[in-house]
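Read the structure below first, then the notes.
Read-outs throughout are calculated quantities, based only on the coordinates presented, and are distinct from any laboratory measurement. Just so you know, these numbers come straight off a predicted model, no measurement behind them. In this analysis, Cβ positions are derived from the backbone assuming ideal geometry, glycine residues included, and neighbour counts consider all displayed protein chains.
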Amino acid sequence: GYQKVQEENRKLYNQVQDLKGNIRVYCRVRPFLSGQPNRTCAVGDIDERTITILTPSKYGKEGKKLFTFNKVFGPASSQEEVFADTQPLIRSVLDGYNVCIFAYGQTGSGKTHTMTGPAELTKESVGVNYRALSDLFLISEQRKNTFSYDISVQMMEIYNEQVRDLLVTDGSNKRYPFDIILNGFNVPNANLVPVTSTSDVIYLMNLGHKNRAASSTSMNDRSSRSHSCLTVHVQGKDLTCGTVLHGCMHLVDLAGSERVDKSEVVGDRLKEAQHINKSLSALGDVIFSLAQKHPHVPYRNSKLTQLLQDSLGGQAKTLMFVHISPQPDAVGETISTLKFAERVSTIELGAAKANKDSSDVKELKEQIASLKAALARKE
Ligand code: ADP
Ligand code: MG
């Protein structure tokens with residue numbers, strides 16, 4: 001009865017969202033962790049779409065602030081529930097849409113938990129990345145009589161404005177920074193690995209995490225100061241008419257959004273903070289200039305926005321998971337995080353479009369690409 005109506009409502013709601021092409025913003029509240037003093041909680045009432053933050057007098061007037069998003073997930077929400085509202089977006093990658101999903105929030109607020117999962121992964125605790133890919137395999141299997149899909153992945157890290165390939169297997173841990181090379185589909189020059197099953201994906205994710213960890217010292221966890229991006233490229237061929245679809249999905253675990261007090265940090269730490277500030281504000285600038293329909297969108301201001309270029313904008317579907325901590329001592333960051341996110345959620349980007357080539361266009365594009373490659377070899 002009631003549950004069914006709710007289910008239907010949700011479907012309708014998702015469809016409407018798809019049509020409007022807004023940036024969707026889902027807010028997720030991390031639970032208190034065991035060992036954390038569970039004195040007072042900075043989060044008040046939560047419902048489907050709103051969240052109240054309780055501000056102690058330390059931050060100005062004591063009071064409540066209400067924020068509205070497309071969806072709010074409370075501290076008890078499961079990985080499965082969080083993914084359920086993301087699923088329609090994932091499916092559209094197989095229809096030739098570009099999708100960008102990113103996790104935003106201060107360090108320790110649960111970004112990696114949402115995208116990857118906790119340190120000890122179980123079937124229940126795996127995050128959006130794994131669920132997204134296993135969904136892609138599942139649906140491509142269901143469609144195998146009408147579509148033939150090729151799926152491949154890349155995994156990259158952006159640290160101090162350098163993009164590095166996380167899918168290297170030579171064991172040397174030498175990871176060379178590289179420039180992003182555009183080849184028509186904005187595929188950076190990082191290993192592009194074909195995958196056909198979830199076990200391939202688990203293998204690659206482990207490899208990526210190992211490579212990422214290899215460069216972090218125990219003292220300062222580098223993962224909080226770099227962005228990591230899992231990119232999925234999908235090519236689908238319609239077996240009846242030969243039309244080819246290209247979908248691309250970026251799954252991004254952003255660096256911590258906390259503002260670092262510049263007077264307190266020096267050396268490497270200051271450099272890191274400046275790079276993070278630069279790339280997160282470049283991301284904001286791109287989003288806001290898309291919203292205002294500026295003819296010039298400043299994608300080239302950071303490696304992050306260059307990498308995401310094809311999946312941010314009028315042609316793409318974008319979802320931001322904004323994460324907050326329930327701790328009262330984080331309330332200052334929490335409010336600035338939610339203010340930014342609420343501004344993002346009001347943005348309308350226009351309807352998304354699929355990347356469809358009829359077979360002859362595809363052939364021409366391939367010819368152009370091979371001519372370009374030949375030219376590049378001559379230079
Ligand atoms: P971030 O990536 O934003 O720095 P993490 O995802 O590493 O934060 O989360 C910090 C800690 O909180 C980790 O130990 C993580 O397992 C835990 N955690 C985060 N979100 C949740 C959640 N929704 N449920 C249970 N534990 C969580
Ligand atoms: Mg993290």
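Listed values for the range 285-298 are Karplus-derived 3J(HN,Hα) couplings in whole Hz (6.51 cos²θ - 1.76 cosθ + 1.60, θ = phi - 60°), namely 4, 4, 4, 6, 6, 5, 4, 8, 6, 4, x, 10, 9, x, and x replaces Gly and Pro. Of the cross-linked pairs LYS71/LYS339; LYS111/LYS317; LYS144/LYS365, those separated by over 23 Å at the C-alpha level are LYS144/LYS365.
Going by how many other beta carbons lie within 10 Å of each one, how would you line up ARG212, ARG91, ARG377, fewest first? Working shown, then result.
Details: ARG212 21, ARG91 17, ARG377 7.
In order of increasing Cβ crowding within 10 Å: ARG377, ARG91, ARG212.
Residue order for PHE32, PHE321, PHE83, PHE102, fewest other beta carbons within 10 angstrom first, comes to PHE32, PHE83, PHE102, PHE321.
With contacts taken as Cα pairs under 8 Å and at least 6 residues apart, the range 235-351 reaches a relative contact order of 21 percent.
Reported to the nearest whole Å, the Cα centre-to-centre distance from the range 67-94 to the range 96-159 is 13.
Each of SER148, SER109 has some number of other Cβ atoms within 10 Å of its Cβ, and from fewest to most they run SER148, SER109.
Overall, the range 224-303 carries a charge dipole of about 220 debye about its Cα centre when +1 sits on the Cβ of Lys and Arg and -1 on the Cβ of Asp and Glu, all other atoms neutral. Taking a ≥ b ≥ c as the square roots of the eigenvalues of the alpha carbon gyration tensor, the range 255-335 is oblate, as a/c is not under 1.5 and a/b does not beat b/c.
For the range 245-270 versus the range 279-345, the inter-centroid distance based on Cα atoms is 12 Å. With R₀ set to 45 Å, the beta-carbon distance separating GLN3 from GLN367 gives a calculated FRET efficiency near 0.25.
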